[in-house]
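These notes concern the structure reproduced below.
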Amino acid sequence: MGPTQVFVLLLHPFAALLAIREFVRQREWRKQSIALKGAERVAALERHEIEGGRLFRLVIAVIALAFLSRIASTFLAAEDLGIRTFLPGHFHGWSGLLGLVLMTYLWSLGRKTSVKKAAGESFARMKDLHGRLSDVMMGLILIHAFLGFLYLLQLIG
């Protein structure tokens with residue numbers, strides 16, 4: 001595997017590390033929300049909501065980059081660009097698509113929580129589900145990243 005192929009393959013993992021860092025930062029809201037009061041809490045919540053939307057878009061971009069990296073790597077290796085290029089052939093790829101579904105649901109729960117709060121409706125259950133899903137996703141993200149590391153070693157080695 002040539003250096004250009006290695007570079008192309010490494011684009012996705014480095015972008016994914018950025019997304020993981022932002023996910024961890026986003027989860028810090030759970031601790032902040034308890035300590036902050038008044039206008040400071042309102043401003044922090046607004047930032048949390050804005051950053052949640054940005055994180056959602058970043059996750060979509062990271063997954064798109066994975067597909068583009070795979071296509072570019074296949075092209076650089078002068079291999080056939082068949083349907084196999086577009087389908088994950090390993091658990092890491094499929095769990096990434098599952099992660100996108102879960103991230104979409106997490107983002108949706110956050111939006112619904114915000115709407116219910118603004119409307120003066122009860123939002124505690126929705127907020128709790130949003131937080132619990134975030135906890136579950138953190139564990140899944142760590143497993144996904146580890147599997148990706150193993151897969152990368154397999155590709156490069």
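The values are calculated or read from the model by the stated rules, or taken from the named source; none is laboratory data. All figures in this text were calculated on a predicted structure; none of them were measured in a lab. Heads up, the Cβs are rebuilt from the backbone with ideal geometry, glycines too, and the neighbour counts pull from every protein chain shown. For the accessible areas, the whole protein counts, side chains as well, though only heavy atoms, and no ligand, DNA or RNA atoms are used. Shrake-Rupley method; radii C 1.70, N 1.55, O 1.52, S 1.80 Å.
Note down the net charge around R132, summing +1 for each Lys or Arg and -1 for each Asp or Glu among other residues with Cβ under 15 Å from its Cβ.
Result for the neighbourhood of R132: +3.
Determine which aspartates and glutamates satisfy two conditions relative to K117: a Cα distance under 15 Å, and not lying fewer than 8 residues away in the same chain.
Straight-distance partners of K117: E46, E49, D128.
Tell me, what HN-Hα J-couplings in whole Hz come from the Karplus equation 6.51 cos²θ - 1.76 cosθ + 1.60 at θ = phi - 60° for each residue of the stretch 107-121, using x for Gly and Pro?
Residue by residue, the stretch 107-121 yields 4, 4, 4, x, 5, 5, 4, 4, 5, 5, 5, 5, 7, x, 8 Hz.
Please work out the C-alpha center-to-center distance from the stretch 98-157 to the stretch 1-21 and express it in whole Å.
22
At what distance in nm do the modelled label points of A118 and E40 sit from each other, each positioned 7 Å from its Cα along Cα→Cβ?
Result for the modelled spin labels: 2.6 nm.
If I fit a long axis through the Cα atoms of helix 38-76 and take the longest principal axis of the Cα atoms of the chain, what angle between them do I get, 0 to 90°, rounded to 10?
Helix 38-76 sits roughly 10 degrees off the main axis of the chain.
At a Cα cut-off below 16 Å, give the lysines reachable from K116, other chains included and same-chain residues fewer than 8 away excluded.
Within the straight-line limit of under 16 Å, K116 reaches these lysines: K127.
Which semi-axis lengths, in whole Å and largest first, follow from the square roots of five times the eigenvalues of the Cα gyration tensor of the stretch 61-107?
Values for the stretch 61-107, descending: 24, 11, 7 Å.
Restricted to Cα positions, what overall size does the chain have along the principal axes? Three whole-Å values, descending.
Result for the chain: principal-axis Cα extents of 59, 25, 21 Å.
Please compute the Kirkwood hydrodynamic radius of the stretch 55-138 from all pairs of different C-alpha atoms, in Å with one decimal.
When all Cα pairs of the stretch 55-138 are included, the Kirkwood radius is 15.0 Å.
So for the stretch 41-157, taking the charge dipole from beta-carbon charges (+1 Lys/Arg, -1 Asp/Glu), which of L133, F149, S114 sits furthest toward the positive end?
Positive-end residue among those listed: S114.
Quick one: pull the percent of accessible area on the stretch 69-157 belonging to carbon and sulfur, 1.4 Å probe, ligands and nucleic acids left out.
Using a 1.4 Å probe with all protein chains present, the stretch 69-157 comes out at 69 percent carbon and sulfur.
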